[in-house]
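Here is the structure we will look at, set down as structure tokens.
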Amino acid sequence: MLSDLSLRYKVPLRISLLILIVALAVTVSLLARSYLMFKQDLFISSENMGRIVARTLTTALLHDDVWKAYEIINAPFSVDSKEAALQADTVIVLDKSERVYVSTAPRQYPMLSDPALKDDEIAILKQKLSQHDPTSRVTIEMPGLGNIYVVTPIDSDGVLLGRLVMLYSHEIYIDRFLAFVRQAAMTAVLIIVLLLPFGVYWGQRLSAPLVELSKSMGQVGSSIPQTPDSRIFKGGDEIGQLGAQFARMIEQLRDKEALEKQMVVSDRLAAIGRFTAGIAHEINNPLGGLLNATNTLQRHGAQDPLTCKTVSLLERGLLQIKATVAALLVEAKPEVHPVTHQDIEDTRTLVMPAAQKKSARLDWVNGIHQPANVPSTYVRQILINLLLNSIDAVPNHGRISCEVSTTDGVLRIATYNEGEQINNHDLEHLFEPFASGTESGRGLGLWVTYQIVNTLNGSIEVSSAEDDTQFVVTLPLQQAA
Amino acid sequence: MRTAVSLARHLVCSLGVLFLLIADAAAVEHPTPQTPVRIGVTAVFLDHQTAFLDDWREYLETRLQRRVVFKQRSTYREIMEMLLEEELDFAWICGYPFVLFRQRLRLLAVPIYQGEPLYQSYLIVPETDTDTGSILGLRDKVFAYSDPDSNSGYLVPQFQLHALGEDRNNFFRRSFFTWAHQKVVEAVARGLANGGAVDGYVWDTLAKVNPELTSRTRVVMKSKKFGFPPFVARHGVDNSEFRKMKAVLTGMPNDTTGRALLQRLNLDGFGQGNEQLFDGIAELVEAIPGG
């Protein structure tokens, strides 16, 4: 039950409990100590009092002056306040034969009476006293006795004249002790009241990162959670390390997911590539035959106009099929020379009319100053495809930019346009043939671009946000043979 | 006529000079002596009232034109010894020692209490004791005397026991002295003693100033009347001093301050008194063998 409770509550509760236990333990130990001290105080002060009174009584007993003895033992009682001093309840002076010589409570302990006859406690006391040397001071406190008895011998020149018995009620120090308990309890409550809010605050602060982590962890599996708030996991302690580790794990999960997605797309594109190549190959073989046949027919066949017209029609159809199939297949072009500054500029010249048609602005950065060792035909084809797509995507008076550069052994082509954002679904199928069949094109531009980039072992990345769609192609420069 | 006027003027002048001379002479003749008048007081009254003694001393000093010192001791005997040793000039003592040392003392004044120079001895028991009707009821009990030299607080009960044919030394189980009448009342009130003998005047006065204390005691028996504890002088006291002192004491009711002091003493005044007043005490002394 308690073990299932959230740390959010458990930690503050435990800290509070700890504060309570500490406060109680300190209070109880203080109380225990003060209880003993109160008692010791009583013993010491009463024994001292006994010694003084006994010494003063010596003369009175020697002179058999009862009244003087009575006044001596009554002197401490003239102080009214019981709080002021630890005061005896009753004082009895016993003579040599253990009878009452005089007492502060003459009605209870009359002169010359045997106190043990009336008072059972005194009887027990006398029995106890008989075990002690009569000339020694004795303090007797027994569970059975309601009072504490402090017995002091009264002697003169070593001759025992009598004994001074002082009765102290337990209440005398219990009252003082209880007053102290009240004070200590109030202090403890005050400390607890002051510390508890701190405890709760610390507890929550301590548990917050773990609670957050646990919540985020729980989401792993079904989805990738948000990276946890770095403010909660600051510091280099275990929790901070845990937070950092968790953030890294989330990043890795994201990368992995992106990679997986990319792989799915690549696999699909590769499959489509193989499939289209196969079909193209199957088409190209008979197509070559058919074109040869029509050629032969035009040269050597009947010259009647209808036949000529029909053969020409067949040839045009077959050539269109050839062109389409050729577009699907990226064929190795024979014309291979490194791309030059002029090649890029030529491309610009080629796409300018299309841009002007939409009054679009084309920002152009041509960073190729030395011939770069990448087949120029391919580069031009990629650039034309990307730019025509961009021009197609931007609204009228929109802005397009293009940047071509070489850095660190790669040729980098980047295009930006202000067209509409491409949604996620379309992004996944962007490079498939006929995926985005538009009125103006067959939907093969990006497919071809992708095929070329693949052929050249390069990469193509696309990102699309509001009014900012970006294609970046990187092609490794080939080592000059 | 002229001569007569001038004579008269001369006479007036001379009288004035004479008056001044007399006044001056009087001042020279009665300077405040360095030696004070020493007065011993005993527990025949509530002698623990230091504030009262201070006021009384001031009063006496004004009247006597001399410094006055009150001397207090815990027992009658000590005061008597000081008096006989001439360490005191006057003392307020009990009638019993006066009777004993009559030859060496001079009777100065006797207080007037309730219109006469007499008082009684009271036998008291705790208020809780409702049975005891006489001293015989206190056989084998604890008894409190005030002072062995006190008439009311010792001699009277001793005589009573003697008169009743009891062995006055073993009649009580235990007896003790409190050395003051008021303390006899306290001892009985608190139950320390089962009975006690006390000066009736002290008990009555206590009943006025501390009724809570006396209410815890019960007066069982009042003795016959005896001469009130007298003011005495040692034999060698100068006659003029003796007269002055006597005049001051007996004159106390004549002025406001004196009356106020007497009221605090619960007395009517001080009278001349005579030695016959103490014959009653002398009879007791003679009646008790060895008393």
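State all residues of segment B:247-257 that are assigned to a helix (DSSP H, G or I) and either more than 16 Å from B:Q272 (Cβ to Cβ) or open to solvent by less than 50 Å² (accessible area, probe 1.4 Å) (or both); if no residue qualifies, say none.
B:V248, B:L249, B:T250, B:M252, B:P253, B:T256, B:T257
Determine the pairs where a residue that is touching a residue at least 12 places away in the same chain (Cβ under 8 Å), located within segment A:57-69, has a partner that is open to solvent by 10 Å² or more (accessible area, probe 1.4 Å) and assigned to a helix (DSSP H, G or I) with Cβ atoms under 6 Å apart, the partner being 6 or more residues away or on another chain.
A:L57/A:I72; A:A60/A:K68
If we only count strands (runs of 3 or more DSSP E) wholly inside segment A:336-446, which ones have 3 or more residues that are of a type in the set (V, I, T) and under 48 Å from the mean Cα position of the chain (by Cα)?
Per the criteria, A:399-407, A:410-417.
Can you tell me which of (1) within 14 Å of another protein chain (Cβ to nearest Cβ); (2) open to solvent by less than 40 Å² (accessible area, probe 1.4 Å) is the one A:V138 doesn't meet?
(1)
Which of the helices (runs of 4 or more DSSP H) found entirely inside segment B:128-225 contain at least 1 residues meeting this: open to solvent by 20 Å² or more (accessible area, probe 1.4 Å), touching a residue at least 24 places away in the same chain (Cβ under 8 Å) and of a type outside the set (D, E, K, R)?
B:156-163, B:181-189, B:200-209
Right, A:Y101: within 14 Å of another protein chain (Cβ to nearest Cβ), part of a strand (DSSP E or B) and among the hydroxyl-bearing types (S, T, Y) or not?
Yes.
Surrounded by 14 or more Cβ atoms within 10 Å (Cβ to Cβ), hydrophobic (A, V, I, L, M, F, W, C) and in a helix (DSSP H, G or I), is that true of A:L213?
yes
Among the numbered criteria (1) part of a helix (DSSP H, G or I); (2) at pLDDT below 85, which one does A:P228 miss?
Checking A:P228 against (1) part of a helix (DSSP H, G or I); (2) at pLDDT below 85, the one that fails is (1).
Return the residues of segment B:266-288 that are farther than 14 Å from B:L118 by Cα and touching a helix residue (DSSP H, G or I) at 6+ places or on another chain (Cβ under 8 Å); say none if nothing qualifies.
B:A282, B:L284, B:V285, B:A287, B:I288
Going by what's in this entry, would B:Y113 be described as away from chain A (no Cβ under 13 Å) and either farther than 24 Å from B:E275 by Cα or of a type outside the set (S, T, N, Q) (or both)?
Yes; evaluated as a whole, the condition is true for this residue.
Anything in segment B:144-182 that is away from chain A (no Cβ under 14 Å) and at positive phi? List them, or say none.
Matches in segment B:144-182: B:G165 only.
I'd like to know if segment B:71-84 contains one or more residues that are surrounded by fewer than 24 Cβ atoms within 10 Å (Cβ to Cβ), within 14 Å of chain A (Cβ to nearest Cβ), at pLDDT below 95 and assigned to a loop (DSSP other than H, G, I, E, B).
yes
Give the residues of segment B:183-197 that are under 17 Å from A:Y109 (Cα atoms), within 8 Å of chain A (Cβ to nearest Cβ) and of a type outside the set (A, V, I, L, M, F, W, C), sorted by residue number.
Answer for segment B:183-197, where residues must be under 17 Å from A:Y109 (Cα atoms), within 8 Å of chain A (Cβ to nearest Cβ) and of a type outside the set (A, V, I, L, M, F, W, C): B:R190, B:G191.
Quick check on segment A:29-46. Is at least one of its residues open to solvent by 80 Å² or more (accessible area, probe 1.4 Å) and either in contact with a Leu (Cβ under 9 Å, 6 or more places away or on another chain) or not assigned by TED's automatic domain parsing to the domain that holds A:D95 (or both)?
no
Please go through segment B:227-246 and give me each residue that is among the small types (G, A, S) and surrounded by 13 or more Cβ atoms within 10 Å (Cβ to Cβ), ordered by number.
B:G227, B:A233
The values are calculated or read from the model by the stated rules, or taken from the named source; none is laboratory data. Please read these numbers as outputs of a predicted model, since none were measured by experiment. Positions of Cβ are generated from backbone atoms using ideal geometry, with glycine treated the same way; all protein chains shown enter the neighbour counts. Just so you know, the surface numbers come from the protein's heavy atoms only, side chains and all, with ligands and any DNA or RNA stripped out. Shrake-Rupley method; radii C 1.70, N 1.55, O 1.52, S 1.80 Å.
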